[in-house]
Amino acid sequence: MNVGQPTLDQLRLFLAVVDEGSFNGAARKLGRAISVVSYGITTLEAQLGVSLFDREGSKRPVLSDAGKAVLAQARAVADDVDALMAGVLGFEQGLEAELGLAVDVMFPTNLVASVLREFQQVFPTVRLRLHVEALGAIAALVIDREADLGIGGPELIPQFELERIAIGDIDMVPVASPDHPLARMGTIPAGEVRKHRQLVLTDRSRLTAGKDFSVLSANTWRLGDLGARHALMREGIGWGNMPFHVVEPDLAAGRLVRLALPEAPGVTYRFHALWRRDCPMGPARAWLLDALKARLVQCPDTKVPRQQG
């Protein structure tokens, strides 16, 4: 059987009848005459060689088995065309077609997830690339145009190609396993921390390789993954500074203890938004920046409660 090629208008007439439950309802929704709707459905059925509705025994059109099979395909086609038109319109209005986001591993993951969930609803046509890295790797991704927006930590060395604005901070706390020698000390003497292995998050970028952030011990293990460093600390292999929001459940459960180091009882880790000076800020990037900043400022879980600090 030769199947004709339906038009987009015919598919939209079909979907309108299904959604409204009647030919009259579809005509009202589309602002068309009922005769136009009826003729369009009849023509579509003739082209496909099937009856889309079982009209006998009911005043309201009921989908036939063939109609049910066609429905999903028709919706997919209409949705694809709508997405195409929205993308073209957005591009004409300056909306980015694609956006790369690089986020510091210290940034709360739940905040990133909630923002990106809303982002896909507000900007459904924008394709997003997400990178999660540490320290100078964020700036490197933005400089190399792998990311359009970076959410990075403290500036280890100046990067004159980039614009930088502060967007908030989190608390970092030194922690170790309860069995660690530092944790068993009632009072930690000045200089004692240098004798014990510190687990350090290493910088994998070419820009700031070898630069250190809050390193107090001469004995270090360098790891490129925050989760691995967290696991090693819980095993008593070393101590280190961790985001409070990451280790708070461990502190509450006694799997880790906070160290009262005389050198640095806690550290503030400041976040900055980064983008290239030669890349104008588009609407999707501007929305993403504002949303991440607002969520971070509004999040209390990243701060050590005063009674604990």
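The values are calculated or read from the model by the stated rules, or taken from the named source; none is laboratory data. Fair warning: this is a prediction, and the values are worked out from it, not measured in the lab. Note that we place each Cβ from the backbone using ideal geometry, even for glycine, and neighbour counts take in every protein chain shown.
Mind checking whether some residue in region 124-138 is touching a strand residue (DSSP E or B) at 6+ places or on another chain (Cβ under 6 Å), of a type outside the set (A, V, I, L, M, F, W, C), closer than 22 Å to Arg277 by Cβ and free of Cβ contacts under 8 Å to residues at least 60 places away in the same chain?
For region 124-138, residues touching a strand residue (DSSP E or B) at 6+ places or on another chain (Cβ under 6 Å), of a type outside the set (A, V, I, L, M, F, W, C), closer than 22 Å to Arg277 by Cβ and free of Cβ contacts under 8 Å to residues at least 60 places away in the same chain: present.
Whether any residue in region 47-59 is among the hydroxyl-bearing types (Ser, Thr, Tyr), at pLDDT 85 or above, over 30 Å from Pro283 (Cβ atoms) and assigned to a helix (DSSP H, G or I) is what I want to check. Can you show your working first?
Our first condition is that a residue be among the hydroxyl-bearing types (Ser, Thr, Tyr); within region 47-59, this holds for 51, 58.
Subsequent filtering for residues that are at pLDDT 85 or above retains 51.
After this cut, where a residue has to be over 30 Å from Pro283 (Cβ atoms) as well, the list is 51.
Remaining after also requiring assigned to a helix (DSSP H, G or I): none.
Among the residues of region 47-59, not one is among the hydroxyl-bearing types (Ser, Thr, Tyr), at pLDDT 85 or above, over 30 Å from Pro283 (Cβ atoms) and assigned to a helix (DSSP H, G or I), which makes the answer no.
If I ask for residues that are among the β-branched types (Val, Ile, Thr) and under 9 Å from the mean Cα position of the chain (by Cα), which ones from region 108-124 would you list?
Residues of region 108-124 among the β-branched types (Val, Ile, Thr): 109, 112, 115, 122.
Thr109, Val112, Val115, listed by residue number.
In region 237-278, how many residues are part of a loop (DSSP other than H, G, I, E, B) and in contact with a Lys or Arg (Cβ under 8 Å, 6 or more places away or on another chain)?
Keep residues of region 237-278 that are part of a loop (DSSP other than H, G, I, E, B), which gives 237-238, 254-256, 259-266, 277-278.
Filter once more, keeping what is in contact with a Lys or Arg (Cβ under 8 Å, 6 or more places away or on another chain): 237-238, 255-256.
Looking only at that region, the number is 4.
Which pairs have Cβ atoms under 6 Å, sit 6 or more apart or on different chains, and link a residue in region 26-44 that is without any contact (Cβ under 8 Å) to a residue 60 or more places away in the chain and of a type in the set (D, E, K, R) to one that is surrounded by 13 or more Cβ atoms within 10 Å (Cβ to Cβ) and in a helix (DSSP H, G or I)?
Note: pairs meeting the criteria are Lys29/Ala16; Lys29/Glu20.
Test of understanding: among Arg28, Arg32, which residue is outside any helix (DSSP H, G or I), closer than 17 Å to Asp9 by Cα and modelled with pLDDT of 85 or more? First the steps, then the outcome.
Working: Arg28 fails: outside any helix (DSSP H, G or I).
Matching residue, one of Arg28, Arg32: Arg32.
Can you pull out every residue in region 226-257 that is in contact with a strand residue (DSSP E or B) (Cβ under 8 Å, 6 or more places away or on another chain) and not hydrophobic (A, V, I, L, M, F, W, C)?
Going residue by residue through region 226-257, those that are in contact with a strand residue (DSSP E or B) (Cβ under 8 Å, 6 or more places away or on another chain) are 226, 229-230, 232-233, 236-245, 247, 250-251, 256-257.
Matches in region 226-257: Arg229, His230, Gly236, Gly238, Gly240, Asn241, Pro243, His245, Asp250.
If I filter region 138-157 down to residues being acidic (Asp, Glu) and at pLDDT 85 or above, which single residue comes out as nearest to the chain's Cα centre (by Cα)?
That would be Asp148.
In the list Arg277, Arg285, Arg255, Arg306, which residue meets the criterion of being modelled with pLDDT of 90 or more and surrounded by fewer than 20 Cβ atoms within 10 Å (Cβ to Cβ)? Full working, then the answer.
Values: Arg277 fails: modelled with pLDDT of 90 or more; Arg285 fails: surrounded by fewer than 20 Cβ atoms within 10 Å (Cβ to Cβ); Arg306 fails: modelled with pLDDT of 90 or more.
When all the criteria are applied, what remains is Arg255.
Somewhere in region 280-292, is a residue within 30 Å of Val193 (Cβ to Cβ), hydrophobic (A, V, I, L, M, F, W, C) and out of contact with any strand residue (DSSP E or B) (no Cβ under 6 Å at 6 or more places or on another chain)?
no
Here's the yes/no breakdown for (1) charged (D, E, K, R); (2) touching a helix residue (DSSP H, G or I) at 6+ places or on another chain (Cβ under 8 Å):
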{"position": "Arg127", "(1), (2)": "yes, no"}
{"position": "Glu133", "(1), (2)": "yes, yes"}
{"position": "Ala140", "(1), (2)": "no, no"}
{"position": "Asp144", "(1), (2)": "yes, no"}
{"position": "Gly150", "(1), (2)": "no, yes"}
{"position": "Phe160", "(1), (2)": "no, no"}
{"position": "Ile165", "(1), (2)": "no, no"}
{"position": "Val173", "(1), (2)": "no, yes"}
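Got at least one residue in region 106-120 being more than 23 Å from Ala284 (Cβ to Cβ) and among the hydrophobic types (A, V, I, L, M, F, W, C)? So that I can check it myself, show each step before the final result.
Taking region 106-120 and keeping what is more than 23 Å from Ala284 (Cβ to Cβ), we get 106.
Applying the additional criterion that residues be among the hydrophobic types (A, V, I, L, M, F, W, C) yields 106.
Yes - at least one qualifying residue is present in region 106-120.
Could you list, in sequence order, the residues of region 1-46 that are among the polar types (S, T, N, Q) and over 17 Å from Asp65 (Cα atoms)? It would help to see each step written out before you state the result.
Restricting attention to region 1-46, the residues satisfying the condition of being among the polar types (S, T, N, Q) are 2, 5, 7, 10, 22, 24, 35, 38, 42-43.
Asn2, Gln5, Thr7, Gln10, Ser22, Asn24, Ser35, Ser38, Thr43 - these are the residues of region 1-46 that are among the polar types (S, T, N, Q) and over 17 Å from Asp65 (Cα atoms).
Hey, could you check region 99-137 for residues that are farther than 16 Å from Gly150 by Cβ and among the charged types (D, E, K, R) and say which is modelled with the lowest pLDDT?
Arg127
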